[in-house]
Amino acid sequence: MKTKNIVVFASGTGSNFKALHQAALKKEVPARITALISDNPNAGALDYARDHGIRDVVLPPSSFGEADGYLQKLQEILDRESPSLIVLAGYLKKIPDEIVEKYKRKIINIHPALLPKYGGKGWYGIKVHRAVIENGDEESGCTVHYVTNNYDEGPVIAQARVPVRKDDTAEQLAERVLKQEHLLYPKVVRFLLSHS
């Protein structure tokens, strides 16, 4: 199977980015991550990209005087990289509508809950896991979905489920969900690239 280009967006440590890169190195995913884009100059994901020879681009939207400048720069980068798939790995900024439209069904995201539960603007990280526990849910998990113009509302591609234990803390639940994310995301990327 031909190796295809992927661009990853990450705002934080980028653990899903790392898991995906490791899967690509082991040839479990027919992909080459050609660039990492981050809105956060202090993102841990950037250190990993630099250590592994992956082009990194720091692109804080606030550093552009107007939204058009940010959009134009983003389009330039994506045109240059020519990705078969754009993978969001803990990216907290909204992708501009024009990019979503241009790369329709080529941008995916992973969310640490079973969407449509606990999705939408502001729902990310430990906040999600706290809400799951506070609401007494018996299971949680993660969801890979296509990115659309609204946060976490795109069609679901795949989910992985984990039981919520009676004595779980949000941190313990987060850790178990994250393990599933690291397994699920490479599988979904492999499937999508195999069928594109």
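The values are calculated or read from the model by the stated rules, or taken from the named source; none is laboratory data. Predicted model only: the values in this text are computed from it and were never measured. As a convention, Cβ positions derive from the backbone with ideal geometry for all residues, glycine included, and neighbour counts pool all protein chains shown.
Below are the figures for this structure:
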item: Residues of region 133-155 satisfying the condition of being of a type outside the set (S, T, N, Q), crowded, with 22+ Cβ neighbours inside 10 Å and closer than 13 Å to Tyr118 by Cα; result: Gly141, Cys142
item: Complete set of residues in region 102-115 that are closer than 18 Å to Gly90 by Cα, out of contact with any Gly (no Cβ under 6 Å at 6 or more places or on another chain) and in a loop (DSSP other than H, G, I, E, B); result: Lys106, Pro112, Ala113, Leu115
item: Those residues of region 175-191 which are within 13 Å of the chain's Cα centre (by Cα) and either free of Cβ contacts under 8 Å to residues at least 60 places away in the same chain or closer than 26 Å to Arg165 by Cα (or both), in sequence order; result: Leu178, Glu181, His182, Leu184, Tyr185
item: Given (1) buried (at least 17 other Cβ atoms within 10 Å of the Cβ); (2) over 19 Å from the mean Cα position of the chain (by Cα), index of the condition Tyr48 fails; result: (2)
item: Residue check, Tyr118 modelled with pLDDT under 95, assigned to a loop (DSSP other than H, G, I, E, B), in contact with a strand residue (DSSP E or B) (Cβ under 9 Å, 6 or more places away or on another chain) and of a type outside the set (Lys, Arg); result: no
item: Positions within region 162-174 being free of Cβ contacts under 8 Å to residues at least 40 places away in the same chain and either assigned to a helix (DSSP H, G or I) or surrounded by fewer than 14 Cβ atoms within 10 Å (Cβ to Cβ) (or both), in sequence order; result: Pro163, Arg165, Lys166, Asp167, Thr169, Gln172
item: Of residues in region 150-161 being without any contact (Cβ under 8 Å) to a residue 40 or more places away in the chain and in contact with a His (Cβ under 9 Å, 6 or more places away or on another chain), the one farthest from His111 (Cα to Cα); result: Pro155
item: Scan of region 143-170 for residues that are among the acidic types (Asp, Glu) and within 20 Å of Gly122 (Cβ to Cβ), ordered by number; result: Asp152, Glu153
item: Subset tally (residues that are without any contact (Cβ under 8 Å) to a residue 12 or more places away in the chain and either within 29 Å of Phe191 (Cβ to Cβ) or in a loop (DSSP other than H, G, I, E, B) (or both)) for region 125-149; result: 2
